[in-house]
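Have a look at the structure below, then the notes.
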Amino acid sequence: MLAVANPVGSKNALINVLPRTLRERVIRACEPCELVFDEVLCDAEQPYRHAYFPDSGLISLLSTLRGHNPLEMSLIGHEGMLGVSMILGVNMAPMRAVVQGPGAALRMPSAKLRSLLRNSPVLQKVLNRYLYLRLVELSLTGACTRFHHIEQRLARWLLLTHDRTKGDSFRLTHEYLADMLGVRRSGVTVAAGELQARELISYSRGEITILDRAGLEAASCGCYAAMNQRQDQMLGAPSHRE
């Protein structure tokens, strides 16, 4: 994750990596909002109405194919934003965005974001780097889904969720975990059971508690560490667990 500078009206790390004057301009262009569980913030191939900068909570980006359950491709929390693809000049959402964890966010009308981008090379540079990271993440997610074992992938997604939440416990249902990994519920049950047997997590009735963070990182595939390293290179010093 990004190292968060002294916040000025926001806990979002992507906003706080900006120079102070620009950071304040961005915050003034936003309004506070609540992220409500299961709310659809945008749908694939539909125009963005807003960009979202979460302070807390989780937004899932889902790939949807007719006849199949949605597959989660990315998680957005306080480290990033929803709507960065507008930097390309295309006001069309590439994937469905659904609130997976409730929380607070700053919301900016898409027209205001496009105006800020036209007038701020610094904001363009930061969001270009963030967009590059999202492209890298999508590439890693595709390869990870194809080549890595379910247990490794589950450990990786639990680490990603842990990075974006407060505390060591959070709720993830079997149905969501199955969609997240693109597997059957039975596969999730086995993988979660293996992590629990190793005392890395505690999992009961959808409540997951991280017991051994270092052990979970060791159980994850290399995609988690690779993505963190790339993010540190592009956007500054890490703060992977707030």
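All of the numbers you see were taken from the coordinates with simple rules; none came from a lab. All values reported here derive from a predicted model rather than from experimental measurement. Here the Cβ is made from the backbone with ideal geometry for all residues, glycine too, and neighbour counts use every protein chain on show.
Key figures for this structure:
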| item | result |
| --- | --- |
| Sequence-distant residues sharing a close amide H with CYS42 (under 5 Å, placed H) | ALA97 |
| Label of the coordinate-derived value, semi-axes √(5λ) of the Cα gyration tensor in Å, listed as (1) 30, 19, 16; (2) 39, 23, 16; (3) 24, 20, 18 | (1) |
| Cut-off 11 Å (backbone N to label point 7 Å along Cα→Cβ of ALA111), residues of the stretch 65-94 | none |
| Euclidean distance between Cα centres, the stretch 28-51 to the stretch 85-115, Å | 6 |
| Using θ = phi - 60° and Karplus 6.51 cos²θ - 1.76 cosθ + 1.60, couplings along the stretch 37-52 (whole Hz; Gly, Pro as x) | 3, 6, 6, 8, 7, 7, 10, 4, 6, 10, x, 5, 9, 9, 9, 10 |
| Farthest positive-ward along the stretch 13-120 dipole, Cα basis, beta-carbon charges - from SER63, GLN100, VAL90 | VAL90 |
| ³J(HN,Hα) computed for each position of the stretch 77-92 - Karplus, 6.51 cos²θ - 1.76 cosθ + 1.60, integer Hz, glycine/proline x | x, 5, 7, x, 8, 9, x, 5, 5, 5, 4, 7, x, 10, 8, 10 |
| Derived scalar couplings ³J(HN,Hα) [the stretch 67-72; Karplus, 6.51 cos²θ - 1.76 cosθ + 1.60; whole Hz; x for Gly, Pro] | x, 10, 5, x, 10, 6 |
| Charge dipole (the stretch 149-220, unit charges on Cβ, about Cα centre) - positive-most of ILE201, GLY215, LEU158 | LEU158 |
| Residue exposure sequence - LEU211, LEU88, LEU61, LEU14 - by fewest surrounding Cβ within 10 Å | LEU88, LEU211, LEU14, LEU61 |
| Per-residue Cβ neighbour rank within 10 angstrom, fewest leading, ARG146, ARG184, ARG129 | ARG146, ARG184, ARG129 |
| Per-residue Cβ neighbour rank within 10 angstrom, fewest leading, ARG23, ARG213 | ARG213, ARG23 |
| Per-residue [θ]222 nm for the chain (sum of -39500 (n - 2.57) over DSSP H runs n ≥ 4, rounded to 500) | -13500 deg cm²/dmol |
| Under-5 Å amide H pairs with MET92, H placed in peptide plane, nonlocal only | TYR48 |
| Mean Cβ neighbour count within 10 Å, used as a protection proxy, ranking 93-102, 28-37 highest first | 93-102, 28-37 |
| Nonlocal amide H pairs with ALA104, under 5 Å, H built at 1.01 Å | LEU35, ASP55, SER56, GLY57 |
